[in-house]
Amino acid sequence: MALLTVQDLTIRTQEQKLLVEKLSFIVAANSCLGIVGESGSGKSLSAKAIMGLLHPNLCVSGAVNFQGKELLQLPEEEMRKLRGRRICLILQDAMSAFVPLYTIGQQMTETLCEKLAVSKKEAIQISLQELDKMNIREPTQVVKKYPHQLSGGMLQRIMIALTIAVKPDLIIADEPTTALDPLNQSEVIKELQRLRKELKVAILFISHDLDIIRRIAEKVVVMRQGKQVEFGNVDAIFSTPKHEYTKYLVETREKITQSFRKALGRDPV
Ligand SMILES: Nc1ncnc2c1ncn2[C@@H]1O[C@H](COP(=O)(O)OP(=O)(O)OP(=O)(O)O)[C@@H](O)[C@H]1O
């Protein structure tokens, strides 16, 4: 069943320059759709358009249907109710998601009180429980810290813990692992997979990394220069890419992998 249907999403500047052209895809409930493409291809703008967070100097058209609601027509107040509750956004730079002046605990508590309409005491309890579930050690100490006192990987995992607590239906993860080292990347991917399994949440996962998309998504949209060049099952698209650009992406990835294997003294695959 379709949870999110994006139809002909088009984004232009006021000067009519096309930044995203006729993007169309479906995200089924409890599935993961990847959007892959080079820098500047329009991935983040598309995510922002779905969330109703585009810069006001941009014009958007097309249709974005989420749980039967037409998001591009929704009044801002309604949209605000959906954002951070039914649809959550996880960004590349977790640091920017937190306010530097408040502790992690204060920020988690405030978000949970607002989004879940629970008391402060309950919100603190939920925060500690979710941090514990994320295998974050000594959660009672972590909640007393300010964002700058924690690593990027830790902040990203806290963001995911907060998202889990809110129990949304859709998570839009925009390059959530790009700023992380491989160990933290792997942890974050594992947590997102767990989230899907446990909460039956759907994920729209934006990345320029084919390997990560292959690990986490079943379907993929390939974007280039604002245009959607392919949409379909991950295995089919990466094993038999139709579009020249997808072929180029897959071949480049394979060449890099083989160079690494050579450098490590292993046989090329
Ligand atoms: N407010 C804006 N006004 C005009 N152009 C913009 C605006 N925001 C983004 N753009 C342009 O739109 C294009 C697509 O940007 P977008 O951030 O969606 O790319 P992306 O695929 O997410 O890239 P990256 O992987 O580097 O984040 C870029 O050329 C960018 O410069």
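Rule-based calculations on the coordinates, nothing more; no lab input. Because the structure is a prediction, the values reported are computed rather than measured. All Cβ positions, glycine included, derive from the backbone under ideal geometry; neighbour counts span all protein chains shown.
General remarks:
- Residue check for Leu170: touching a residue at least 12 places away in the same chain (Cβ under 8 Å), of a type in the set (A, V, I, L, M) and over 21 Å from Leu9 (Cβ atoms): no
- Qualifying residue in the range 33-53 (condition: away from the ligand (no atom under 11 Å from the Cβ), among the acidic types (Asp, Glu) and within 27 Å of Leu210 (Cα to Cα)): no
- Hey, Asn135 polar (S, T, N, Q), in contact with a helix residue (DSSP H, G or I) (Cβ under 9 Å, 6 or more places away or on another chain), over 30 Å from Gln67 (Cα atoms) and without any contact (Cβ under 8 Å) to a residue 24 or more places away in the chain or not: yes
- None of Leu199, Leu204, Leu210, Leu195 is free of Cβ contacts under 8 Å to residues at least 60 places away in the same chain and touching a strand residue (DSSP E or B) at 6+ places or on another chain (Cβ under 8 Å) except Leu195.
- Residues satisfying the stated conditions in the range 159-179, i.e. among the aliphatic types (A, V, I, L, M) and either closer than 15 Å to Ile136 by Cβ or in contact with a Ser or Thr (Cβ under 8 Å, 6 or more places away or on another chain) (or both): Met159, Ile160, Ala161, Leu162, Ile164, Ala165, Val166, Ile171
- Count of the range 80-102 residues which are assigned to a helix (DSSP H, G or I) and in contact with a strand residue (DSSP E or B) (Cβ under 9 Å, 6 or more places away or on another chain): 2
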